[in-house]
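The values are calculated or read from the model by the stated rules, or taken from the named source; none is laboratory data. Here the structure is a predicted model, which means the values were calculated and not measured. All Cβ positions, even for glycine, are placed from backbone atoms using ideal geometry, and neighbour counts span all protein chains on display.
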């Protein structure tokens, strides 16, 4: 593997990389940087944690610094379009870090905050704009965004744009940008709509695919915990009582579910915060900051909100609910085992989620090991006192529930008792 020094990047960028302790590029960086420096288009297929942000930002910074341009008001030289506020902020943080020794300006544009500061910054002209589609369209319609000087367009997390319903907004933006430009498209997966968009958007692109679609990181220790739905809060609590779990990211299916999980953990004296679309930008940033700084060790998130979380210290990912899309499982657990570290992914599976589990295992071509040692394995779907679970686990598993409504529900415990008969 080559070093960053051999990739013809700006020397001032190399100084910033050295200060961060980065010496060798990741595979996607090694395969992309030279082609982007030569102003070629890229079709990059890479899952979370492969280093794709640096793969495009390092050569973009080098090229912009090599040819300075006086920007007109409301104009930009590079547009990076991304699906979430968190990811936009994360990308700008990286760009500022890599380009701290360069005279390159940047700005983030996203919703959930007053647009006045964003408009004020654009009025001066900005080299690199990182934006979410909705707010960018709003500023475009208000006359605060101009594309006459645009040289580079980056579409990041293209598959997530599709999942979140932004694809039509993206297409509207594309019709307004110059035909003569460099285009870089990155996506973790390549559904038909994105493949079709890439054919229209890119000109003779280099395809960079560093891992097969929907593969999982080998350094992640995965497990399945079969559990009745009503016992999930107590199972999560019991897992998080382990103080060796320093940074845990918990995924729920819904925003309200995330709030309920946080409320349960706080009652159990476990510091946690929720991050999802109903939270204000200030609340989301505060929760992320507290998590990064170690003031809380549990962050509960929905898929959309978590897409931009790039925290290398996450040790555990816990799927409180299994995702409806099996490919989302790959993105979720990819939040751990970053920067060469190892990680743990624990997934809860209630009776109604068994089909989702089978779809996930088919997608990743891997049979996830089942953990039968956890204190709620085989415990019926009834409210139990957490302090009694370890001692009474076998007794509870053998009891038949009394309620008629329970007998009509699917459950692991009732299925296992039938087999025993």
Review point. What about residue 262, is it out of contact with any helix residue (DSSP H, G or I) (no Cβ under 9 Å at 6 or more places or on another chain), buried (at least 18 other Cβ atoms within 10 Å of the Cβ) and under 22 Å from residue 335 (Cβ atoms)?
Key: yes
**Study point:** Cβ pairs under 9 Å, 6+ apart, first in region 5-28 and in the same structural domain as residue 99 (by TED's automatic domain parsing) and touching a residue at least 60 places away in the same chain (Cβ under 8 Å), second part of a helix (DSSP H, G or I) and exposed (fewer than 12 other Cβ atoms within 10 Å of the Cβ)
**Key:** 10/66
Practice item. Give me the pairs, please: first residue somewhere in region 118-139 and under 10 Å from residue 74 (Cβ atoms), second residue anywhere and crowded, with 23+ Cβ neighbours inside 10 Å and at pLDDT 95 or above, beta-carbon distance under 6 Å, and either six or more positions apart or on two chains. Key: 126/76; 139/145
Check your understanding: Just checking, how many residues over region 191-220 are loosely packed, with under 14 Cβ neighbours inside 10 Å and modelled with pLDDT of 85 or more?
Key -> 9
Study note, to complete from the structure: Residue set 107, 88; condition modelled with pLDDT of 95 or more and either over 27 Å from the mean Cα position of the chain (by Cα) or assigned by TED's automatic domain parsing to the domain that holds residue 12 (or both); output residue 107
Practice item. Would you check if there is a residue in region 213-236 being farther than 30 Å from residue 369 by Cα and touching a strand residue (DSSP E or B) at 6+ places or on another chain (Cβ under 8 Å)? Key: no
Point to revise | Residue check for residue 314: modelled with pLDDT of 90 or more, more than 18 Å from the chain's Cα centre (by Cα) and farther than 23 Å from residue 132 by Cα | key: no
Practice item. Those residues that are assigned to a loop (DSSP other than H, G, I, E, B) and touching a residue at least 40 places away in the same chain (Cβ under 8 Å), I need them from region 34-69; list them, please. Key: 39, 40, 41, 46, 47, 48, 49, 50, 69
Review point. Within region 1-33, how many residues turn out to be out of contact with any helix residue (DSSP H, G or I) (no Cβ under 7 Å at 6 or more places or on another chain), over 15 Å from residue 97 (Cα atoms) and assigned to a helix (DSSP H, G or I)?
Key: 4
Point to revise | Residue ID - farthest from residue 28 (Cα to Cα), chosen from residues in region 61-80 that are touching a strand residue (DSSP E or B) at 6+ places or on another chain (Cβ under 6 Å) and buried (at least 24 other Cβ atoms within 10 Å of the Cβ) | key: 76
Exercise for review: Give 253, 260 a once-over and let me know the one that is part of a loop (DSSP other than H, G, I, E, B), farther than 15 Å from residue 336 by Cα, out of contact with any strand residue (DSSP E or B) (no Cβ under 7 Å at 6 or more places or on another chain) and not assigned by TED's automatic domain parsing to the domain that holds residue 111.
Suggested key: 253
Study note, to complete from the structure: Sole miss for residue 242 among (1) under 30 Å from residue 378 (Cβ atoms); (2) in contact with a helix residue (DSSP H, G or I) (Cβ under 9 Å, 6 or more places away or on another chain); (3) part of a loop (DSSP other than H, G, I, E, B) is condition (2)
